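Here the structure comes first, spelled out in structure tokens, and everything after it is commentary.
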Amino acid sequence: MADLLLEIGTEELPPGDVGPAMEQLAGAVGRTLDTLRLLRGRTTTYGTPRRLAVLVREVADRQGPAERRVRGPAAAAAFDQEGRPTQAAVGFARSQGVRVDSLEVIEESGGRRYAAAVLKDPGKAARTVLPEALAAVIAGLTFAKTMRWGGGEARFARPIRWLVALLGASVLPLEAAGVRASRITRGHRPLAPGPRAIARPAQYPALLRALKVIVDPAARRRSIEEQATRLAADVEGKVVLDPHLLEEIVMSVEHPYALRGSFDGAFLLLPREVLVTVMQHHQKYFAVEDARGRLLGAFIAVRDGGPAHAATVRQGHEWVLAARLADARFFFEEDRKHHLEDFVPALDGLVFQAQLGTVGDKTRRLAALAGTVASMLGLDGRTTESLARAAALCKADLVTRLVGEFPELQGTIGQIYASLDGAGTDVARAIGEHYRPTGAGDSPPRTELGAYLGLVDKTDTLAGAIGAGLTPTGSQDPYGLRRTGQGIIEIVLMLRLRLSMKTLAYAALAQFGRSDEQVADDVVEFLRQRLRGTLIERGVRYDVADAALAVSGDDLLAAAGRAEAVADAVGRAGFAPLYVAYDRASRILTADGMGSIDPALFEAPIERRLFEVVRSVEHPVAEAAGAGEYAAAMEHLRPLVGPVNQIFDDVLIMAPDERVRANRLALLRAVVAVFRHVADFAKIVMSEEEKQVNG
Amino acid sequence: MTFQDVILVLQRFWAAQGCVIEQPYDIEVGAGTMHPATFLRALGPEPWRVAYVQPSRRPADGRYGENPNRLFKHYQFQVILKPSPDDVQETYLASLRELGIDLLEHDIRFLEDDWEAPTIGASGLGWQVFLDGQEITQFTYFQQVAGLEARPVSAEITYGVERITMFIQRKADVFDIAWAPGVSYGEVRREDEAQQSRYGFDTADVTMLRTWFEGAEAEAKRLLEAHLVLPAYDYVLKCSHLFNLLEARGTVGVAERTTLMARSRALARRCAESYISDREAKGFPLRNAFAPAAAPRRGHRGARRG
């Protein structure tokens, strides 16, 4: 047994690629060794910006033996009556290189029998089979973006510059991307650049540590956390360890050395978000705050290196940060010579989307649509007024200098400036949050007013874009409309907004001077499909989602409520009887059936009884459903089960008398209509077994 | 080290690496990439090594000479190595040492950056190089030029000469750096910044600029028809600069912007295709130039091969 080491030396990989590549490497090497029947011990992967490595302990020297059967001629042709091999068997055995008396008979599915040669593979030496397999592992790694370099055609996240491949003390002769493997690695640049030979795989982490490379990302993370925490504590502060930034730094250094710098306290007059953006996003520094959460005039930078000349490096970082903050302060002060609303007219010069006019146009549409939404939702006068104010101001920051410099602060700057102008907290926060959710993992606006404003803004974008024929197709969604739709759904569900999306779509389209029903329907259908996707993502079965959507029209909240209630019930005992009753009643109905129920035409007692149960449950079912209590509504359906089943046992629905038949069908139609307050149960997929067991 | 020292040191360094020392292009460009010594030479199979300073005009970045970090015109030191050598990073770092930047005394970082120049259909992967938190270089492996796959791949190294000098001289205001002994950058350049900003933002005649744009575009097309690709490309550059002026003047809407950029990209693409077929017809004259002997042997792989 020998240990196996593979190190792929690269130029600086994108930080986001390192972790995923390590996972792929572990998986691919494990699978490769399994496929090669090479037993192994523990596998460890390592990764830095300049190397991806995997160390596998105790890999078997040889492949495990294996047998494989090759199918030959049909048994009847291979052996005669007495079981002696025929000429065909002899030929087959020769072609496979086995003795004819070693042929076996195998039986395949369907009972066909064949002669088969048993090929024994004693297994090859690991060092023989590994090079090609490991080269394939390297070639098979995938990244978000890949590139070519030099004159080669190989693709990788960044150029591969060296390879180490060792099995025990020997180099495995493999080549990938035009680079031949050796035992030579490189250390930290510039602390210990190497080259340096690796004698045995097991010494890899320790040897690299001596070369000033900490190959284990978890160790680098711990080191950064400890250093940063200690440096902040030295100034009675607490480091703001933004998790994304921490991860990015962990994956962009080989030897982290944290240092604390400071900046002029006068900059602390800038809004916190601006300071944090400059430090974290632009300079990759951690901010430091005091016990009460206020920022201090200090930052922590992580150098890829050691303590030597730390003062020079700190001075450099301080100097750069001061210049950046001076820029930000200049923009902030320029902006603050005006009120936020003073920027609104300039929005007419900023195009929102070619087909949807300027941001000025959008702002005017939002103000109008906000009024409509307020009345649709019955908002009180004060809220209506705040919503209108927030709508009028929410885009104004797009033409401020600070957002020009820091586009990621759109909304946030609007909130800050609105507050400084004395706008109400609710208005300011609504401006700040109305873009949310900005991506997967972000939450919808937290305040009610922010959510209303978000709804208005997103509905305007969605209706306008669909009206302009920009509906996303396939994987193409250049305007991010799926995310916009997703945002609408999250807001509707969060605030439990009961509203007709079609009416809302009409109102939004009216702002574009349009009134076509087709577009309004398209908007609703787009949202219904997004909701369906959301429900399925949340674990609702697709058939249950369809059953709920089928009876919910343009009411997204109702569709979601129905789906949740049915999803909850569908696995339980007691659901099948409801399903079976609905199924029997609906199955016999024709689509074009009409007509009302005439009790005078009832012939059997069960007809009257079912009629009475329908009349007694329809109101409670409708009422519970109307209140969004779909589980309760489902319980109210339960009395229908017995009579529905019994009517099929007691009478012939398709009675010879046409009037009796029509009357019975009308009765069943009434039953189905009551069920449909909850869902279209026919859409639910139930196996015969489920129906039997539970029914 | 003065501003001009930085340029002189880099020129000498890259000349020693076997680069042709070109000169700035004499038509307004927004970046060194647009110089034909990069844009056209990066196309096709012929190897190429070049270095030059390129004054780069970006009218929208002008600040009347009043902002310590923003300039209407800045100076790029541009290097193209085609195909990108295996030791290109080490060579780049060696150039910093020549500038007196000892890597052991600083924090040098290659931070992921995907570069794209939509007006010329060029894109690549690489890094922004940061020195103690200051971006000093854009380092790119060209993947596409003029929408065509780059084969072989060129490495493009673009030093920001002002940024590096500010760093070396520890000056927070670009106008305070010493251009030559006793002469500041401000003394050489500030008036130009002020006047060009007044022109670009306030005075440029929009109607005239549009007319010229149309004219330059028409001339580029006519020259392409006449198989004069190099003069045609000059007019593409003029289009690009006129477009930048129009944009600085705030007269280009987003929709029009997209259209004008697409027109410019289409012309650049035609120039590129024409250039390659010209070179092919001539048998790719530089195919065997810049033989490895001209390039110093350096680094792990090169050493082993040699």
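Brief remarks on what is shown
- Single unsatisfied condition, A:Glu108 versus (1) surrounded by 13 or more Cβ atoms within 10 Å (Cβ to Cβ); (2) in contact with a strand residue (DSSP E or B) (Cβ under 8 Å, 6 or more places away or on another chain); (3) not β-branched (Val, Ile, Thr): (1)
- Residues located in the range B:202-227, provided they are surrounded by fewer than 17 Cβ atoms within 10 Å (Cβ to Cβ) and farther than 27 Å from B:Tyr64 by Cβ: B:Glu214, B:Gly215, B:Ala218, B:Lys221, B:Arg222, B:Glu225, B:Ala226, B:His227
- The condition of being within 11 Å of chain A (Cβ to nearest Cβ), more than 24 Å from B:Val9 (Cα to Cα) and either under 14 Å from the mean Cα position of the chain (by Cα) or surrounded by 21 or more Cβ atoms within 10 Å (Cβ to Cβ) (or both) holds for only one of B:Gly124, B:Gly133, that being B:Gly124.
- Checking A:Val278, A:Val288, A:Val359 one by one, the residue that is buried (at least 17 other Cβ atoms within 10 Å of the Cβ) and within 26 Å of B:Asn67 (Cα to Cα) is A:Val278 and no other.
- Residue match in the range B:273-291 (condition: modelled with pLDDT under 80 and farther than 25 Å from B:Arg222 by Cβ): yes
- Lone qualifier among B:Glu90, B:Glu46, B:Glu66, B:Glu28 - being in a helix (DSSP H, G or I) and surrounded by fewer than 23 Cβ atoms within 10 Å (Cβ to Cβ): B:Glu90
- Looking only at the range A:291-311, and only at residues there that are more than 17 Å from B:Leu104 (Cβ to Cβ) and exposed (fewer than 12 other Cβ atoms within 10 Å of the Cβ), the one that is nearest to the other protein chains (Cβ to nearest Cβ): A:Arg294
- One residue alone among B:Val88, B:Val50, B:Val29 is modelled with pLDDT of 95 or more, more than 16 Å from the chain's Cα centre (by Cα) and not polar (S, T, N, Q), and that residue is B:Val88.
- Scanning the range A:267-285 for residues that are under 18 Å from A:Ala228 (Cα atoms) and either within 13 Å of another protein chain (Cβ to nearest Cβ) or small (Gly, Ala, Ser) (or both) gives A:Met279, A:Gln280, A:His281, A:Gln283, A:Lys284, A:Tyr285.
- B:Gln23 vs. criteria under 13 Å from the mean Cα position of the chain (by Cα) and surrounded by fewer than 17 Cβ atoms within 10 Å (Cβ to Cβ): yes
- Matching helices (runs of 4 or more DSSP H) fully within the range A:579-695 where at least 3 residues are surrounded by 15 or more Cβ atoms within 10 Å (Cβ to Cβ) and in contact (Cβ under 8 Å) with a residue 40 or more places away in the chain: A:605-626, A:630-637, A:641-650, A:658-675
- Among the residues of the range A:412-453, those that are closer than 23 Å to A:Arg482 by Cα, among the small types (Gly, Ala, Ser) and surrounded by 24 or more Cβ atoms within 10 Å (Cβ to Cβ) comprise A:Ala430, A:Gly432, A:Gly450.
- Qualifying helices (runs of 4 or more DSSP H) (wholly inside the range A:336-428; at least 2 residues being within 14 Å of chain B (Cβ to nearest Cβ) and under 35 Å from the mean Cα position of the chain (by Cα)): A:359-376, A:401-405
- Verdict on A:Leu245 being among the hydrophobic types (A, V, I, L, M, F, W, C), in a helix (DSSP H, G or I) and within 14 Å of chain B (Cβ to nearest Cβ): yes
- Test for B:Thr33: is it in a helix (DSSP H, G or I), under 28 Å from A:Ser252 (Cβ atoms) and more than 14 Å from every other protein chain (Cβ to nearest Cβ): yes
- Qualifying residue in the range B:173-187 (condition: within 14 Å of chain A (Cβ to nearest Cβ), touching a residue at least 40 places away in the same chain (Cβ under 8 Å) and out of contact with any Ser or Thr (no Cβ under 9 Å at 6 or more places or on another chain)): yes
- Selection within the range B:211-269 - part of a helix (DSSP H, G or I) and either among the acidic types (Asp, Glu) or touching a strand residue (DSSP E or B) at 6+ places or on another chain (Cβ under 6 Å) (or both): B:Glu214, B:Glu217, B:Glu219, B:Glu225, B:Asp234, B:Glu247, B:Val254, B:Glu256
- Taking the listed residues A:Gly123, A:Gly151, A:Gly91, A:Gly110, the one that is within 14 Å of chain B (Cβ to nearest Cβ) and not in a strand (DSSP E or B) is A:Gly151, with no other qualifying.
- Residue check, B:Val236 crowded, with 22+ Cβ neighbours inside 10 Å and touching a residue at least 60 places away in the same chain (Cβ under 8 Å): no
- Residue check: B:Gln78 meets all listed conditions (1) in contact with a helix residue (DSSP H, G or I) (Cβ under 6 Å, 6 or more places away or on another chain); (2) polar (S, T, N, Q); (3) surrounded by fewer than 24 Cβ atoms within 10 Å (Cβ to Cβ); (4) in contact (Cβ under 8 Å) with a residue 40 or more places away in the chain but one, namely (3).
- Close pairs from the range A:243-262: first touching a residue at least 40 places away in the same chain (Cβ under 8 Å) and crowded, with 20+ Cβ neighbours inside 10 Å, partner among the hydroxyl-bearing types (Ser, Thr, Tyr) and in a strand (DSSP E or B), Cβ under 7 Å, at least 6 apart: A:Glu254/A:Thr48
- Selected residue [crowded, with 18+ Cβ neighbours inside 10 Å, charged (D, E, K, R), closer than 28 Å to A:Thr48 by Cβ and more than 8 Å from chain A (Cβ to nearest Cβ)] from B:Glu116, B:Glu156, B:Glu162: B:Glu156
- Some residue of the range B:94-103 being touching a residue at least 12 places away in the same chain (Cβ under 8 Å), away from every other protein chain (no Cβ under 14 Å), more than 30 Å from A:Gly306 (Cα to Cα) and not hydroxyl-bearing (Ser, Thr, Tyr): no
- Within the range A:126-148, considering residues that are part of a loop (DSSP other than H, G, I, E, B) and more than 11 Å from every other protein chain (Cβ to nearest Cβ), the one surrounded by the fewest Cβ atoms within 10 Å (Cβ to Cβ): A:Thr142
- Residues located in the range A:195-215, provided they are part of a loop (DSSP other than H, G, I, E, B) and buried (at least 18 other Cβ atoms within 10 Å of the Cβ): A:Ile198, A:Leu211, A:Lys212, A:Val213, A:Ile214, A:Val215
- Residue match in the range A:185-194 (condition: surrounded by fewer than 22 Cβ atoms within 10 Å (Cβ to Cβ), under 32 Å from the mean Cα position of the chain (by Cα) and not in a helix (DSSP H, G or I)): no
- Here A:Gly83 fulfils each of the conditions (1) without any contact (Cβ under 8 Å) to a residue 24 or more places away in the chain; (2) not in a loop (DSSP other than H, G, I, E, B) apart from (2).
The values are calculated or read from the model by the stated rules, or taken from the named source; none is laboratory data. Here the structure is a predicted model, which means the values were calculated and not measured. Every residue, glycine among them, receives a Cβ derived from its backbone with ideal geometry; neighbour counts consider all protein chains shown.
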